[in-house]
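Participant: Here it is: the structure, laid out below.
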Amino acid sequence: MRKHSGMRPQDVVVLLKILTLNSASWQGKDLATALFISPAEISDALRRCQYARLLLADGRTVQRQAFLRFLRHGLPYVFPAHPGGPAQGIVTAWSAWPGLEPAPARGELGHVWADPAGSAWGLAVPPLYTTLPSSAHNSTAWHQLLALLDVLRLDAAPQRNDAYELLCQLLPQTL
């Protein structure tokens, strides 16, 4: 086994995707295609997740409660997001969830992943993993889950709690 040198952002994305599949019949190549990540990187991510005890030894079953605790308490510190300047892109964080959006100050911009194909303007938030904007184009539900991760990463306390509760509701209880 390769040396474990900590979790990587794509590991979080892989676990989240597995939880959304609702079935144990997925293969690594399915994850690779859906996430625009190489099959080798998927295999490495699965190994790291097993080592971190977020994935059972079977390599297929996500430890849902442990993963949710990691998202709530670890994600903002391990993979924080710091908005940059204005950019054109795809809405993320609470900009993708109008119910979570804080009352905007006059002239305040929302948050986006910089993407020339996007139709919104806002403060650029680096995506958790570089291929996420591409994978978000494939499914509105997937895009919204990724946006909730960005709410957690931005660490805005009131919205963070709401985002966590919503994430718990949206992710299936069992595979």
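The values are calculated or read from the model by the stated rules, or taken from the named source; none is laboratory data. The shown structure was predicted, so the numbers you read here are calculated from the model rather than taken from an experiment. Methodologically, a virtual Cβ is constructed for each residue, glycine included, from the backbone with ideal geometry; neighbour enumeration extends over all protein chains shown.
Participant: For the range 149-175, give me each residue that is farther than 19 Å from Gln63 by Cβ and touching a residue at least 40 places away in the same chain (Cβ under 8 Å).
Facilitator: Within the range 149-175, Asp150, Val151, Arg153, Leu154, Asp155, Ala156, Pro158, Gln159, Arg160, Asp162, Ala163, Leu166 qualify.
Participant: Residues of the range 145-159 being surrounded by fewer than 20 Cβ atoms within 10 Å (Cβ to Cβ) and either modelled with pLDDT of 90 or more or assigned to a helix (DSSP H, G or I) (or both), which ones?
Facilitator: Listed by number, the residues that qualify are Ala157, Pro158.
For every residue, the table says whether it meets (1) of a type in the set (Phe, Trp, Tyr); (2) in contact (Cβ under 8 Å) with a residue 12 or more places away in the chain.
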| site | (1), (2) |
| --- | --- |
| Leu16 | no, yes |
| Gly28 | no, yes |
| Thr33 | no, no |
| Phe36 | yes, yes |
| Ala40 | no, no |
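Participant: Further question: Among the listed residues Leu55, Leu16, identify the single one that is over 19 Å from Asp150 (Cα atoms) and hydrophobic (A, V, I, L, M, F, W, C).
Facilitator: None of the other options fit; the residue is Leu55.
Participant: Exactly one of (1) of a type in the set (Phe, Trp, Tyr); (2) part of a helix (DSSP H, G or I); (3) more than 14 Å from the chain's Cα centre (by Cα) is unmet by Trp142. Its number?
Facilitator: So Trp142 meets the others, but not (3).
Participant: Is it the case that some residue within the range 22-33 is of a type in the set (A, V, I, L, M), more than 24 Å from Val151 (Cα to Cα) and modelled with pLDDT under 95?
Facilitator: Yes, because at least one residue in the range 22-33 is of a type in the set (A, V, I, L, M), more than 24 Å from Val151 (Cα to Cα) and modelled with pLDDT under 95.
Participant: Go through (1) of a type in the set (Asp, Glu); (2) on the phi > 0 side of the Ramachandran plot; (3) in contact with a Gly (Cβ under 9 Å, 6 or more places away or on another chain) one by one and return the number of the condition Asp162 breaks.
Facilitator: Of the numbered conditions (1) of a type in the set (Asp, Glu); (2) on the phi > 0 side of the Ramachandran plot; (3) in contact with a Gly (Cβ under 9 Å, 6 or more places away or on another chain), the odd one out for Asp162 is (2).
Participant: Can I ask one more? Between a residue in the range 48-69 that is within 25 Å of Asn161 (Cβ to Cβ) and surrounded by fewer than 16 Cβ atoms within 10 Å (Cβ to Cβ) and any residue that is modelled with pLDDT of 95 or more and of a type in the set (A, V, I, L, M), which pairs come within a Cβ distance under 6 Å, given they are 6 or more apart or on different chains?
Facilitator: The qualifying pairs are Ala66/Leu54.
Participant: Can you pull out the residues in the range 127-141 that are buried (at least 20 other Cβ atoms within 10 Å of the Cβ) and of a type outside the set (Ser, Thr, Tyr)?
Facilitator: Within the range 127-141, Pro127, Leu128, Leu132, Pro133, Ala136 qualify.
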